[in-house]
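For reference, the structure discussed in these notes is given below.
The values are calculated or read from the model by the stated rules, or taken from the named source; none is laboratory data. A quick note: this is a predicted structure, and the numbers were derived from the prediction, not measured. A quick note on method: Cβ atoms are made from the backbone with ideal geometry, for glycine too, and the neighbour counts reach across all protein chains shown.
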Ligand SMILES: C[S@@+](CC[C@H](N)C(=O)[O-])C[C@H]1O[C@@H](n2cnc3c(N)ncnc32)[C@H](O)[C@@H]1O
């Protein structure tokens with residue numbers, strides 16, 4: 001997907017106290033950076049940051065790290081954070097495929113929110129639930145693995161159910177229409193989700209776990 005480029009986005013985000021400029025320096029040391037032993041949850045492709053900021057506000061005893069490839073996308077998040085004081089939130093401008101250079105076995109939950117679906121077979125490896133990503137996540141999860149995925153894309157959802165179950169994840173909850181689920185699922189909307197919700201599109205949801 002093409003995103004609007006913002007001039008000097010790299011400089012704008014680098015001024016934010018939330019941005020971790022040399023994240024590899026903190027590998028195996030994130031709890032020292034946060035100054036506590038609380039769980040660390042990450043969102044891959046956080047975009048403009050609505051979800052991760054609201055999650056950090058709602059859950060001060062959980063640490064959050066928003067990961068995003070495109071600096072222009074992060075400008076809005078940095079702007080939203082300018083008047084907030086959230087010691088439990090950090091942002092990293094990086095490619096998710098390098099996660100193991102930044103984290104040791106330190107992560108509790110990974111959020112995959114409206115990730116690019118990469119519908120062409122040739123791009124399958126870029127999907128965040130491709131087996132190569134599931135293997136990558138093994139390197140950064142603590143003992144238990146926990147993935148929460150939300151998407152409007154039926155193809156990506158079906159694909160993810162398949163790859164996760166082939167990789168021995170089990171599903172705590174699955175919904176084909178998150179916002180109209182019979183038993184409500186606690187939820188904070190992302191920027192993309194708000195748009196799709198207003199258009200009346202169903203949101204697919206899964207909560208997958210692997211406990212040894
Ligand atoms: C469709 S947007 C969703 C943004 C946000 N999660 C939401 O729901 O509003 C997908 C985001 O993932 C980011 N992204 C795509 N590939 C990535 C990668 N390999 N590493 C990190 N971020 C990535 C894109 O730049 C984009 O901001």
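Can you confirm whether residue 146 is surrounded by 13 or more Cβ atoms within 10 Å (Cβ to Cβ) and away from the ligand (no atom under 12 Å from the Cβ)? In short, yes.
Evaluated against (1) closer than 14 Å to residue 23 by Cβ; (2) touching a helix residue (DSSP H, G or I) at 6+ places or on another chain (Cβ under 7 Å); (3) crowded, with 20+ Cβ neighbours inside 10 Å, residue 100 falls short on exactly one condition, (3). Inside the stretch 36-75, can you point out the residues that are on the phi > 0 side of the Ramachandran plot and without any contact (Cβ under 8 Å) to a residue 40 or more places away in the chain? Of everything in the stretch 36-75, nothing turns out to be on the phi > 0 side of the Ramachandran plot and without any contact (Cβ under 8 Å) to a residue 40 or more places away in the chain.
For residues that are touching a residue at least 40 places away in the same chain (Cβ under 8 Å) and surrounded by 15 or more Cβ atoms within 10 Å (Cβ to Cβ), scanning just the stretch 169-191, find the one that is nearest to the chain's Cα centre (by Cα). Once the filter is applied, the top-ranked residue is 190. Listed by first and then second residue, the pairs with beta-carbon distance under 8 Å, at least 6 apart or on different chains, first residue in the stretch 105-127 and more than 25 Å from residue 201 (Cα to Cα) and within 13 Å of the ligand (Cβ to nearest atom), second assigned to a loop (DSSP other than H, G, I, E, B) and modelled with pLDDT of 95 or more, form an empty list.
Consider residue 165 carefully, then state whether it is in contact (Cβ under 8 Å) with a residue 24 or more places away in the chain and either assigned to a loop (DSSP other than H, G, I, E, B) or more than 24 Å from residue 194 (Cβ to Cβ) (or both).
Working: in contact (Cβ under 8 Å) with a residue 24 or more places away in the chain: no; either assigned to a loop (DSSP other than H, G, I, E, B) or more than 24 Å from residue 194 (Cβ to Cβ) (or both): yes.
In short, no.
When 79, 95 are checked against the criterion of being under 26 Å from residue 14 (Cβ atoms) and more than 17 Å from the chain's Cα centre (by Cα), a single residue qualifies: 79.
Only one residue in 59, 22, 37 is out of contact with any helix residue (DSSP H, G or I) (no Cβ under 9 Å at 6 or more places or on another chain), modelled with pLDDT of 95 or more and farther than 21 Å from residue 190 by Cβ, so which one is that?
Numbers: 59 fails: farther than 21 Å from residue 190 by Cβ; 37 fails: out of contact with any helix residue (DSSP H, G or I) (no Cβ under 9 Å at 6 or more places or on another chain).
Criteria check complete, one pass: 22.
Quick grid of which residues meet (1) surrounded by 15 or more Cβ atoms within 10 Å (Cβ to Cβ); (2) away from the ligand (no atom under 16 Å from the Cβ):
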position	(1), (2)
3	no, no
10	no, no
18	yes, yes
23	yes, no
28	no, yes
36	no, yes
39	yes, yes
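Can you confirm whether residue 51 is more than 21 Å from residue 16 (Cβ to Cβ), within 16 Å of the chain's Cα centre (by Cα) and within 10 Å of the ligand (Cβ to nearest atom)? For residue 51, the condition - more than 21 Å from residue 16 (Cβ to Cβ), within 16 Å of the chain's Cα centre (by Cα) and within 10 Å of the ligand (Cβ to nearest atom) - is not met. Taking the numbered list (1) in contact with a strand residue (DSSP E or B) (Cβ under 6 Å, 6 or more places away or on another chain); (2) closer than 21 Å to residue 52 by Cβ in turn, residue 181 passes all entries but (2).
Just the residues that are without any contact (Cβ under 8 Å) to a residue 40 or more places away in the chain and outside any loop (DSSP other than H, G, I, E, B), please, taken from the stretch 137-151.
Once the filter is applied, which keeps residues that are without any contact (Cβ under 8 Å) to a residue 40 or more places away in the chain and outside any loop (DSSP other than H, G, I, E, B), the stretch 137-151 yields 137, 138, 141.
The residues in the stretch 76-104 that are within 15 Å of the ligand (Cβ to nearest atom), under 14 Å from residue 136 (Cα atoms) and in contact (Cβ under 8 Å) with a residue 24 or more places away in the chain can be counted, and the count is 8.
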